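Shown next, in C-alpha cells, is the structure this report addresses.
The values are calculated or read from the model by the stated rules, or taken from the named source; none is laboratory data. This structure is a prediction, so every number in the text was calculated from the model and none was measured. Cβ sites come from the backbone with ideal geometry, for glycine too, and all protein chains shown count toward neighbours. To get the accessible areas, we keep the full protein, side chains included, count just its heavy atoms, and leave off ligands, DNA and RNA. Shrake-Rupley method; radii C 1.70, N 1.55, O 1.52, S 1.80 Å.
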Amino acid sequence: MFSSVWNFIKRHKKKFIFTGAVVGGVYLLGKYAQKKIREVQEKEASEYIAQARRQFHFESNQRTCNMTVLSMLPPLREAIVTQLNSESLTAMLKAKPANKLEIWEDLKIISFTRTVVAVYSTCMLVVLLRVQLNIIGGYLYLDNSVGKSAASPLTPPDVQQQYLSSIQHLLGDGLSELISRVKTAVQSSLGRVSLKQSLSLLELEQQLIWIRAEVDSGRPLSSYMLADDEDVLADQACGLTEKDLVTIRLLNETRDMLDSPDLSKVLSACLNRGFSRLLDNLAEFFRLPVSDSAPNCAPYSLSAVSLPLAKIIPIVNGQINSVCSETPSHFVQDLLLNHQVKEFAAIVYETFSTPPELHK
C-alpha cells in the first residue's frame, strides 16, 4: 500500500510542487495583505487622533481669543473716551455758557466720531487678535507635536509677550490716526446739519453710510491695526537678539495676513454687522408707541419717527458703552460668532499649525 502511495506521489510530483507553491504564495500574500491593512488602519487611527487633538487645541484657542478680546475692550474704551471726551463738553453745557451753540456743535462731531471709531476699532480688535492668537496657536501646536524638541520652541513665552504687545499700536498711534480720519468724515457729513433738523432712522443710517464711505476710501484699514512701517526692532540693526528676530518674523507674518484680500472681506463683514447692530440699538429710540402707530406704519419703521439732531446726539454718544462692553453684549457676540471670522481663524491656524515640510 505504501509503495502505491509513493508511486502516486512520484507520478504527480510536479503538480504537488506547483500546488504547494500556489498555496504558500497565497498564504504569504494573505499575511502581507493583513500587515498592510493593519498599517493603514494604524495610520488612519493615528491621523484621526492627531486631527481630533488638533481640533480640540484649535477650539480651545478660539475661546482664548474671545476672552482676550473681552479683556481688551475696557482699555480700548478708555483710550477712545480719553481722546474724545464728550463728558467735559456736557459738563460745560450744564453751566449754561454764552457759547452754548458752539459747544453743541463740538459735541455733535465728537459724539458721532467716538461711536463710529468704537465700531471700527472693536471690529479691528476682534480681527487682529484672531490673527495673532491663531498664529501663536499654530506654532504652539507644532511645539507640542510628537517629535518636536521642547528645548527649542518656535514661540517662547517672552517672544509671545513681545509679539502681542504690538496691539498697543491699535490702542495708541493707530487709534489716534483712525480718530483723525473718522472726525474728518463726520465733519464732512454732519458739519452743516442743523441741531434743530429732524432725522429719521433711515436718514441717520444714510449719514453713517456716507461717513463709512469716506473713511474706507482712505488708507488701508490694516495700517491702523499694525504699524505699516519697518518694525522698531529692525531699526536697531546690530545687537538684535534671537528673540527679536523671531518677533520680527511673527510681525511680518501678521502683516502679510492683514494685507490679504481675505482679511479685507472679513473686516468688511464685521463692520457691516457692527453698524447693523448699532442701528438696531438706535432703533429703540425711534419707535412709535403702539397706540400712535398708523395702520400702515410699523412701530419700528425706519422713517416713522424723526428726532431733532440735538436729541439724537446724546443717544449716539452713549453707544460706546454698548459697543466696547467687556460684558458679552449682542454687539460683541455678533462679532465673535461671525462665521467669516471663524473661517478665517481656521485658515490662519491651519497655515501655522502645519509642519513646514507639508507645505506645498
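For each pair in 96/196; 94/311; 183/311; 265/311; 108/342; 96/311, compute the distance between the two Cα atoms and list the pairs where it is over 26 Å. All intermediate terms of the calculation are to be shown ahead of the outcome.
Values: 96/196 18 Å; 94/311 15 Å; 183/311 20 Å; 265/311 35 Å; 108/342 36 Å; 96/311 17 Å.
Pairs exceeding 26 Å: 265/311; 108/342.
If packing is taken as the average number of other Cβ atoms within 10 Å across a peptide's residues, how do 242-250, 89-97, 316-324 rank, most packed first?
Values: 242-250: 17.2, 89-97: 11.3, 316-324: 20.6.
The densest-packed peptide leads the list: 316-324, 242-250, 89-97.
From the backbone phi of the range 178-189, what are the Karplus-calculated ³J(HN,Hα) couplings (6.51 cos²θ - 1.76 cosθ + 1.60, θ = phi - 60°) in whole Hz, Gly and Pro given as x?
So the J values, rounded to whole Hz, are 5, 4, 4, 5, 5, 4, 4, 5, 5, 4, 5, 7.
Tell me, what is the Rg over Rh of the range 61-190, with Rh the Kirkwood radius over Cα pairs? Show your work: numbers first, answer last.
Numbers: Rg = 20.5 Å, Rh = 17.3 Å.
Rg divided by Rh gives 1.19.
Protein chains only, probe 1.4 Å: how do 124, 72 rank by accessible area, largest first? Spell out each step's value before the answer.
Numbers: 124 0, 72 35 Å².
Result, largest first: 72, 124.
Using just the alpha carbons, could you tell me how many Å³ per residue the convex hull of the range 304-360 encloses? Walk me through the intermediate numbers first.
Values: hull volume 8.7 nm³, N = 57.
Spelled out: Cα convex hull of the range 304-360, divided by residues, is 152 Å³.
Residue by residue, what Karplus-based ³J(HN,Hα) values in Hz, rounded to whole numbers, does the range 252-264 have, using 6.51, -1.76 and 1.60 with θ = phi - 60° and x for Gly and Pro?
With coefficients 6.51, -1.76 and 1.60, one gets 5, 5, 5, 4, 4, 5, 5, 8, 6, x, 4, 5, 4 Hz.
Explain nothing, just the number: relative contact order of the range 64-176, from Cα pairs under 8 Å at least 6 residues apart, as a whole percent. Could the numbers behind the result be given before it?
Details: 56 pairs, mean separation 35.0, N = 113.
It rounds to 31 percent for the range 64-176.
May I ask you to evaluate 6.51 cos²θ - 1.76 cosθ + 1.60, the Karplus curve with θ = phi - 60°, for each residue of the range 344-352 and list the ³J(HN,Hα) values in order in whole Hz, giving x for glycine and proline?
Going residue by residue, I get 5, 4, 5, 5, 4, 4, 4, 4, 9 Hz, with x marking Gly and Pro.
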